[in-house]
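These notes are about the structure you will find just below.
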Amino acid sequence: MEFKYSKYNHCITNKHGELLIYNSYSNSFVKIRGDKNKRIQESILNLAKVSDFTKKENDKLREYGIIVPCDENETVKLKIRYQEIVNNGCLAFTILPTEQCNYRCRYCNEPFKKSGMTKELQDGLIKYIRSNIHKYNRLDVAWFGGEPLLAADDIEYMTKGFLEICRAYRIPYTANITTNGYMLTSEMVKRMLKCHVTSYQVTVDGLEGTHNFQKPLAGGGDTYQTVLHNLQDIRDYIKTKMIRIIIRTNITKDIYNQFDQYLDFYQKEFGQDERFSFFFRPAMDWGGEAVKGISNQLVDDKIIDEVYKKIIATEKLKRFDSHRGFFTPGGTTCAAAKLNFFTLEPDGKVHKCSQIFDDDFDTCIGRLTEDGNLVIDEAKHAKWLLERTSCDNLDCYFGGNCLSEFCPKLRIKGDLRKNCPHEMKNIDLVMQLLDLDANTYVIVDI
């Protein structure tokens with residue numbers, strides 16, 4: 001049998017002279033060290049003839065999808081993969097139990113118009129899930145907002161119903177939460193753990209000065225010390241290994257200017273606790289009026305490149321679970337492109353996108369009723385699911401990951417190929433970031 005290199009490979013050499021290979025279809029992270037493997041490294045980097053490899057080398061490279069049979073149509077395989085991922089049998093809701101928030105972040109686009117979800121509507125959601133869960137193999141819930149912990153009682157109430165249903169049908173239930181961390185005391189974590197919330201994304205925007213500037217209380221006032229104290233208490237008093245705390249930082253110019261001190265501080269505070277990981281994004285203009293006040297602080301990809309380079313050079317932070325999560329088959333495919341994914345507002349409006357509701361086109365596709373019906377406008381829903389043409393480069397090495405559907409909203413608006421996943425733009429650096437974590441790459445000696 002004759003072989004060829006997979007078109008989904010991306011290869012770089014790290015500072016230790018090791019070859020790092022990421023294959024976006026097989027989701028393989030392979031590290032081929034130097035020494036006796038130098039010839040193999042150079043052959044892969046230079047795309048030398050596959051026929052020059054020995055049978056043992058062929059077998060090993062094929063195991064990780066680095067080479068594939070010459071008669072294999074990788075584009076057709078990707079189309080099948082797309083269908084599997086967008087209709088994976090999972091019923092998933094991003095639920096906003098409230099749009100109210102105790103913060104007024106300077107880049108936030110939330111209108112803060114809608115308060116809590118009524119008990120009647122909460123019961124409607126439970127009824128819908130009870131009536132339909134037999135069609136699915138799992139239930140995933142993401143609690144979002146606003147600040148979802150303002151509605152902690154409602155989270156507990158709905159979760160009780162969800163868990164009863166999932167136990168009755170013997171299917172898994174998972175939950176995560178995105179919170180500003182102000183109310184995330186160790187006691188609140190214990191409450192949320194009873195709700196099976198095991199993943200927490202908490203935004204900490206740099207050190208005290210930048211965080212307090214970017215993330216003040218709604219009535220004015222600082223937030224940093226409260227959030228830091230909460231995270232320290234979780235570190236010290238929550239003993240379970242089942243939780244993951246993602247510290248997200250939205251980078252601005254001021255944060256970048258203090259980034260060396262940031263690295264030192266967070267390595268000292270949380271770098272030794274494997275339950276904590278780190279996630280970096282540029283502060284974005286998602287619309288609205290608030291962000292206009294910090295427009296001069298917004299950064300471009302060059303600054304994010306420099307952030308990654310600092311981390312790689314110092315090797316102080318090593319856990320980047322969220323970044324690694326994006327590097328899975330379909331990892332950067334927007335959840336809005338998935339058939340059974342819905343975002344639910346407190347008033348029962350149903351959307352696909354969980355980021356933008358008030359936009360220059362109607363993102364609402366339906367409504368949840370109090371009697372347990374999810375009334376969906378199928379024509380509007382179809383726009384998010386069909387015509388997968390966000391990118392028409394079917395030979396892109398990243399295609400096995402993004403499946404050419406990074407953001408269906410851009411496709412619907414006709415804004416094609418102007419935005420690739422952030423991970424793709426920075427892939428060489430992100431691959432080196434992930435190399436800091438010993439659990440990412442499989443070391444292959446041939």
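The values are calculated or read from the model by the stated rules, or taken from the named source; none is laboratory data. Not measured: the values here are computed from a predicted model. Every residue, glycine among them, receives a Cβ derived from its backbone with ideal geometry; neighbour counts consider all protein chains shown. The accessibility values were calculated without ligands, DNA or RNA, using every heavy atom of the protein model including side chains. Shrake-Rupley method; radii C 1.70, N 1.55, O 1.52, S 1.80 Å.
In table form, for the structure just shown:
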| item | result |
| --- | --- |
| Qualifying positions in region 166-182 - buried (at least 17 other Cβ atoms within 10 Å of the Cβ), more than 19 Å from the chain's Cα centre (by Cα) and hydrophobic (A, V, I, L, M, F, W, C) | C166, I171 |
| Residue count for region 144-197, restricted to those that are of a type in the set (A, V, I, L, M) and more than 19 Å from Q122 (Cα to Cα) | 7 |
| Sole residue being touching a Ser or Thr at 6+ places or on another chain (Cβ under 6 Å), open to solvent by 10 Å² or more (accessible area, probe 1.4 Å), in a helix (DSSP H, G or I) and not hydroxyl-bearing (S, T, Y), chosen from D264, D254 | D254 |
| One residue from T203, T210 being closer than 19 Å to L317 by Cα and not aromatic (F, W, Y) | T203 |
| Which listed residue is acidic (D, E), surrounded by 13 or more Cβ atoms within 10 Å (Cβ to Cβ) and under 24 Å from the mean Cα position of the chain (by Cα), from E63, E99 | E99 |
| Residues of region 18-32 that turn out to be touching a Leu at 6+ places or on another chain (Cβ under 9 Å) and either open to solvent by 10 Å² or more (accessible area, probe 1.4 Å) or over 14 Å from Y5 (Cα atoms) (or both), as a count | 7 |
| Where D285 falls short, out of the listed (1) part of a loop (DSSP other than H, G, I, E, B); (2) in contact with a helix residue (DSSP H, G or I) (Cβ under 7 Å, 6 or more places away or on another chain); (3) farther than 19 Å from V204 by Cα; (4) open to solvent by 20 Å² or more (accessible area, probe 1.4 Å) | (3) |
| Close pairs (6 angstrom Cβ cut-off, 6 or more residues apart or separate chains): at negative phi and outside any helix (DSSP H, G or I) in region 396-413, surrounded by fewer than 23 Cβ atoms within 10 Å (Cβ to Cβ) and hydroxyl-bearing (S, T, Y) anywhere | F406/T332 |
| Filter pass, E274 being more than 11 Å from I251 (Cα to Cα), open to solvent by 30 Å² or more (accessible area, probe 1.4 Å) and without any contact (Cβ under 8 Å) to a residue 24 or more places away in the chain | no |
